[in-house]
Structures are given as structure tokens and as C-alpha cells.
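One structure below.
The values are calculated or read from the model by the stated rules, or taken from the named source; none is laboratory data. From a predicted model like this one, the values you see are computed outputs, not experimental measurements. Note that each Cβ is placed from the backbone with ideal geometry, even for glycine, and that neighbours are counted across all protein chains shown. All accessible areas refer to the heavy atoms of the entire protein, side chains included, with ligands and DNA or RNA removed. Shrake-Rupley method; radii C 1.70, N 1.55, O 1.52, S 1.80 Å.
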Amino acid sequence: IDFFPTGVFLLDKDFVITSVNKLTIALLVTEKENLIGKNIFDFVSRSTSVQFENLLKKSISDFHQTLGIEMLKQDNSLIDLLATVKCFKAADINEKFYTLAIIDHTSQKMTQEIIKQSETRFRDLANTAPVMIWIADVEGLFSFVNKIWLDYTGGKVGDQIGMNWIRNVHPEDIEPLLNNYQNAIQDHKAFTFEFRLMGKDKKYEWMLFKGKPRNSSDNIFLGFIGSCFSINEQKEIEAAIFKMNE
């Protein structure tokens, strides 16, 4: 267990520590002899001890349970950890024991906070953009539309998320739009399509619908991000020119 990528405790039926690996000692900045023979609750903060006790109880019936807890280091400072527990029953001695794996949660919490701030900045930027902006997942379901999209349709976020936005598309344009959209999702390719979208005034306007694939740093397809803006005036001019030419 010294080669495990997580800290590991072995606990007896009374939650007394019988063994630990090197990473556990490093995470708690202590010595092995300071842990062996002590109850695990001596090292769990009071604020998370009740949740941790429930975690241990649940592990008897469930395969494993995971929880964010705080543990005391040797200098009595706290460290945020993700704890996973598995209860085993030893048939030969008719007793149960526990394995407790711990991972430093501090860096993960920082990453989550950075992502949260990044998402907030993106939403602020998207909501001030002069065009309608949307984001879809790998199945093409909308997960975000900006304020301008909502202002145009007059609906709430829930009215446009998933595939609900299709209800605002002109009936004659739905089938060709979906065919184009599904092909782009299947091929993970950028696309452009023109269709009519109904606004809050119940009138349709021609829109240019554009989408581009989103990929992770590992080049894994995450879905699409795109824009939608009115080309109604352009369409009216084209129709007028066509009529004049005729």
C-alpha cells in the first residue's frame, strides 16, 4: 500500500488504526507511531466527525462511500480530504475491518473554484454579447443560452434548455434544421444553417445558426458552442431584389 496514489488507513472493527501507508504520513505531516493504535476519530475534525461516522456505517452495506472531511495534522492544523471507505468482513475470524483511502481535496477545491469563476466570467461576457449564444452537450442538448436569446424568445431558461428551443422554430424548417444539426453532432463538425425563429411577438425572423465543436485539452468532444443572429433584413433585401429581377 506504500505505492498507492492515495493515503490509506486500515482500521479494526472499533475504528482503531492498525496500519497506514507513506502518503498518509506525508499528508498529515506526522510519524507512523503517532497514528498506529489511535482511534481514527482522534484525527477527524469535530465539524465533520458526525458525517464521517455515518460514512463508516454506510460502508457496511454499500460497496463504498465517499465524503469530504477535515483531518488534523500533527501541528493541529486542518487539511481538506476526500475520504472513501470500504468495509470488509473476515470470515475466518468473524470480524469486520475497514480500509479508508484519503486524497488531498485542497487542490481539487481550488480547481473547482477556478472553474466556477471562469464560468461566471463566461456567462457575464456571453450575456453582454450582441448576438444570441448557445452551448450544447455531446448529444446536442442545449445547456446554456444567453440573455439576448431569452430576450428575443421571451421565455425562461428552462423553456430553451435541452431541445425545447425547437418549439420556436418555424414548422417548415424543423426537419431540415434537425438533419443538419444531427449530422454535425455525429461528425463533430462545424456547421451553418438558416432557419426562421419565432420571437416573443409571435413573429418569425430569419436566423443564421452557427455551431463549432468544443473539445477538451485531451481533444475529447464535449459538445458545441454557437451563435444565432438575425439575417431577416438581408432576406428581405434578397426577396426584393429577386422580385425586381423577375
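Within the range 34-50, if we keep just the residues that are farther than 15 Å from T99 by Cα and among the polar types (S, T, N, Q), the residue that is surrounded by the fewest Cβ atoms within 10 Å (Cβ to Cβ) turns out to be S47. Quick one: how many residues across the range 124-149 are open to solvent by 100 Å² or more (accessible area, probe 1.4 Å) and in contact with a helix residue (DSSP H, G or I) (Cβ under 9 Å, 6 or more places away or on another chain)? Qualifying residue count, the range 124-149: 4. Would it be correct to say that G199 is in contact with a Ser or Thr (Cβ under 9 Å, 6 or more places away or on another chain), small (G, A, S) and within 26 Å of T120 (Cα to Cα)? In short, no.
If you go through the range 21-33 and keep only what is surrounded by 14 or more Cβ atoms within 10 Å (Cβ to Cβ) and either in contact (Cβ under 8 Å) with a residue 24 or more places away in the chain or within 15 Å of N76 (Cα to Cα) (or both), you end up with T24, I25, L27, L28, T30.
Residues of the range 207-230 that are at pLDDT 90 or above, hydrophobic (A, V, I, L, M, F, W, C) and more than 20 Å from Q160 (Cβ to Cβ): F221 alone.
Among the listed residues Y152, Y181, identify the single one that is of a type in the set (F, W, Y), within 22 Å of Q234 (Cα to Cα), surrounded by 15 or more Cβ atoms within 10 Å (Cβ to Cβ) and at pLDDT 90 or above. Testing whether each residue is of a type in the set (F, W, Y), within 22 Å of Q234 (Cα to Cα), surrounded by 15 or more Cβ atoms within 10 Å (Cβ to Cβ) and at pLDDT 90 or above leaves just Y152. Among the residues of this structure, E53 does not count as one that is among the charged types (D, E, K, R) and exposed (fewer than 13 other Cβ atoms within 10 Å of the Cβ). Note on the range 144-155: residues that are assigned to a helix (DSSP H, G or I) and closer than 16 Å to R123 by Cα total 5. Looking for whichever is open to solvent by 50 Å² or more (accessible area, probe 1.4 Å), touching a residue at least 12 places away in the same chain (Cβ under 8 Å) and not in a strand (DSSP E or B) here; the options are K189, K202. Which one fits? Checking each option against the conditions leaves just K189. When the range 62-89 is examined, which residues are found to be modelled with pLDDT under 80, more than 13 Å from L11 (Cα to Cα) and surrounded by fewer than 17 Cβ atoms within 10 Å (Cβ to Cβ)? Listed by number, the residues that qualify are D62, F63, H64, T66. One residue alone among G158, G223, G140 is outside any loop (DSSP other than H, G, I, E, B) and on the phi > 0 side of the Ramachandran plot, and that residue is G223. Screening the candidates R196, R214 for the property of being surrounded by 13 or more Cβ atoms within 10 Å (Cβ to Cβ) and more than 25 Å from V138 (Cβ to Cβ) yields one hit, R196.
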